1. Give me the extension gain from Asp145 to Gln189: residue separation times 0.36 nm, minus the current Cα-Cα distance, reported in nm with one decimal.
2. Averaged per residue, what accessible surface does the chain expose to a 1.4 Å probe, in Å²?
3. How do Arg184, Arg110 rank by accessible surface area computed with a 1.4 Å probe, from largest to smallest?
4. Tell me the net charge near Arg99. Cut-off is 10 Å between Cβ atoms, Arg99 excluded, with +1 for each Lys or Arg and -1 for each Asp or Glu.
5. Taking only the alpha carbons of segment 231-297, what extent do you get along each of the three principal axes, in Å, biggest first?
6. In the neighborhood of Val226, defined by Cβ-to-Cβ distances under 11 Å, what is the net charge if each Lys or Arg adds +1 and each Asp or Glu adds -1?
7. Provide the net charge surrounding Leu143, with neighbours chosen by a C-beta distance below 9 Å and charges set as Lys +1, Arg +1, Asp -1, Glu -1.
8. Given a 10 angstrom Cα cut-off, can you work out which residue in Ala95, Ala220, Ala289 is the most mobile in a GNM of the chain?
Amino acid sequence: MERLRIATRKSPLALWQTEHVAARLRAAYPGLRVELVPLSTRGDEVLDRSLAAIGGKGLFLKELEVAMQRGEADCAVHSLKDVPMELEPGFALAAILARADHADAFISHRFDGIDGLPEGACVGTSSLRRQAQLRARRPDLVLRDLRGNVNTRLAKLDAGDYDAIVLACAGLERLGLQSRIRARLDAPQWLPAPAQGAIAIECRDGDVEAQGLLSVLDDAPTRTCVEAERAMNRALHGSCHVPVAALARLEGMRLHLQGLVGSAGDGRLVRAEAEGDALSAVALGESVAHALLQSGAGELLGSVAE
Ligand SMILES: NCc1[nH]cc(CCC(=O)O)c1CC(=O)O
């Protein structure tokens, strides 16, 4: 292969992530011509409705997958947390890069953290997962929708529309905006989205040449962790209609997984955790999903699925 074309969304974060992948590929293969194919997706264009209302997370992938199907791109770079649990048939994840910071960040001009917010303060986030965890901790807060790319969301905070917002640390760091982080929201109390902080490269299943080339960027420990987190979400039939959070940590060959299912409406949270062998990441994810359902998560999943 002499040339590799990488499809990407056009947001500053997506472009940063794809440039990062391109730079690593150029370093690994000095003779390879790596080109970016920037595309707009429906998820980027429709900003006035929630993702759940316009069809879920696959919306950030569709146009990129079409470009691969048409032979206009050889692979696509995604934030793995935006990749649906079931890929479209004919596609595969050729590489999952070493994870950056997995945590969410609390961002505010005047306040130090969730617990420091005054009664009735207004927090911006459109993520049901973030809303559910905020509600559980501070039932008095007013939660308002906030969509758009990272820079747009920060601009709305700066304009005074919200007292605080919640974003992923990884995205802020990649854009050189880590000085905006007032507090990290940490486990076990606060959990991130499954696979948050991990970048994935998708290609056509069976494109052995591209898969072989891209496999040098795969990070096995990250893959193990996100496999457990995504297996848990899949077993819960997770989508962006349901607040699901998960975090796996690997110590040697032991894998530890914490998960939660919430209700964005009333702040109920169900939590579960388990530990297992790193070689059985999927089974561990499924067992935590099972434990969540046993603890009453089914009721929460059912109440939002209708
Ligand atoms: N939902 C958009 C999105 N997808 C991935 C990231 C952050 C980067 C990552 O998780 O790798 C973000 C922004 C955010 O949630 O603040």
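1. Details: separation 44, 0.36 × 44 = 15.84 nm, distance 2.28 nm.
The Asp145-Gln189 span can extend by a further 13.6 nm.
2. 43
3. Working: Arg184 105, Arg110 175 Å².
Solvent-accessible surface, decreasing: Arg110, Arg184.
4. Numbers: positive: Arg223; negative: Asp101, Asp219.
Within the 10 Å Cβ shell, the charges total -1.
5. Dimensions of segment 231-297 along the principal axes of its Cα atoms: 39, 19, 17 Å.
6. On the way: positive: Lys81, Arg99, Arg223, Arg230; negative: Asp219, Glu227, Glu229.
Local charge sum for Val226: +1.
7. Numbers: positive: Arg130, Arg135, Arg144; negative: Asp145.
For residues surrounding Leu143, the net value is +2.
8. Ala220
The values are calculated or read from the model by the stated rules, or taken from the named source; none is laboratory data. Because the structure is a prediction, the values reported are computed rather than measured. Cβ sites come from the backbone with ideal geometry, for glycine too, and all protein chains shown count toward neighbours. These area figures cover heavy atoms from the full protein model, side chains too; ligands, DNA and RNA do not enter into them. Shrake-Rupley method; radii C 1.70, N 1.55, O 1.52, S 1.80 Å.
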